[in-house]
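Below you'll find the structure, written out as structure tokens, and then a few comments.
No lab work stands behind these numbers, since they all come straight from the coordinates. This one's a predicted model, so the numbers in the text were calculated from it and none came from an experiment. Here the Cβ positions follow ideal geometry from the backbone for every residue, glycine too, while neighbour counts run over all protein chains shown.
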Amino acid sequence: MKARVLIAGTLLFGMAAVAAMAVPGKTKTSSSGASTPAAQTRITPTSVTYAKSLGSSTAPVRIEVFSDYQCPQCRNFYLNTLRPVIDNYVSAGKVYLIHHDFPLAMHAYSHEAARWATAAAVVGDFETVDQALYTNQDKWETNGQIEPFVAAVLSPADMKKVKLLYTQSAPELDAAVATDQALGKSKNIDSTPTIFVTSRGETHELPPGGVSYQLMKQYLDYLLQR
Amino acid sequence: MMATSTAMHTVEATAQPMGFLARAFLLLGRLLLGGIFLVAGYAKLHFDGEWHLRDYYFFFSMAIDSYHMLPLWAVELAARFLPWFELLLGVMLILGLWARWAAAATSALLVVFFSAIVRAYLLHLDIACGCFGNNERLTGWTVLRDGSFLALSLAVAWFAFATHRRSARKS
């Protein structure tokens, strides 16, 4: 008898707890009155920055890259330096990599590409789309047709979410990109890629024009051994 | 005979002020060039508000490598030794130690630097100059400035050798 009461009590408590957790969520969505993807996913510059970061935020070294998806040097830097850094240092928890969008006015489609990347970041597919945008830069930069290259690397379900965000939450996505640009301008950035490396509280800007993987590796190993 | 003697006298009279001007130019040129090289060396070792004696060559090698001219081993070698060599040349020029050879070495170095800068500028490479610090962008102004340094250096070297030759002939 006691056991039955105990089980019934536990079940009731569990149901009450589930109901309590569900109610605020419902209230939040309904109280905001908005049903846009942005409102549902809560796009804020902070959340987007986090979504566009790779690795552990507690890693001993942090690399921040201000980049333009249509800039050839950014592509070169991504494919030849950042990719191996991601594979060898970010994956190992040694480096925390933060991407900041800094689309330059001289590039017709870089802002659009940044918007696609930001939408993908909100859905949780930043790394995949980031790589696809750089890898196919020479193809989409001729006509601005970015969507097929994003769709090619995402699952249909994720692509649906990304496209919904891209079409219906453009102001929020653009605001996130603008926040990155403002941050870059506050650091006097006027070209891409611009790279900052932080270790033990010290931040240094690397020379402009990108850095080869061999030299980046030497520097990262030095910082990690200090 | 009389005419020859007068002519020689005139040459000697004009040679004195020319010699003074040459020596004055040499001194000023040496000080200026030496100062430039001291600043260039210092800026590669001290930046972002602190000395980087242990890691300066990482940053400088990145700047050198962006020119895409040297293999990695040469980039690293140049990055490690160039700042110190620039400081040494700066000190030698300012103090006048082996001034002729210091000016010649400075000119040779500046010929290499200037060629690399002109090449990068013509190739539209958006890179750091690596001249005074690691993040100074290479522009048309950089080409003009370093061209002026090279002209000054060549002039100082020429005057240094000419003055030495003249004093050797006198003695």
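For the reader, a short list of remarks on this structure follows.
- Residue count for segment B:36-50, restricted to those that are among the charged types (D, E, K, R) and without any contact (Cβ under 8 Å) to a residue 60 or more places away in the chain: 2.
- Some residue of segment B:90-107 being more than 14 Å from every other protein chain (Cβ to nearest Cβ), touching a residue at least 60 places away in the same chain (Cβ under 8 Å) and β-branched (Val, Ile, Thr): yes
- The set of residues in segment B:45-54 that are under 23 Å from the mean Cα position of the chain (by Cα) and within 9 Å of chain A (Cβ to nearest Cβ) contains only B:47.
- Some residue of segment B:140-162 being assigned to a helix (DSSP H, G or I), within 14 Å of chain A (Cβ to nearest Cβ) and over 10 Å from the mean Cα position of the chain (by Cα): yes
- Taken over segment B:108-134, residues that are more than 14 Å from chain A (Cβ to nearest Cβ), surrounded by 15 or more Cβ atoms within 10 Å (Cβ to Cβ) and in contact with a Leu (Cβ under 7 Å, 6 or more places away or on another chain) amount to 2.
- Residues in segment A:92-126 that are among the aromatic types (Phe, Trp, Tyr) and closer than 18 Å to residue A:172 by Cβ: A:116, A:126.
- Test for residue B:57: is it assigned to a loop (DSSP other than H, G, I, E, B), within 14 Å of chain A (Cβ to nearest Cβ) and of a type in the set (Phe, Trp, Tyr): no
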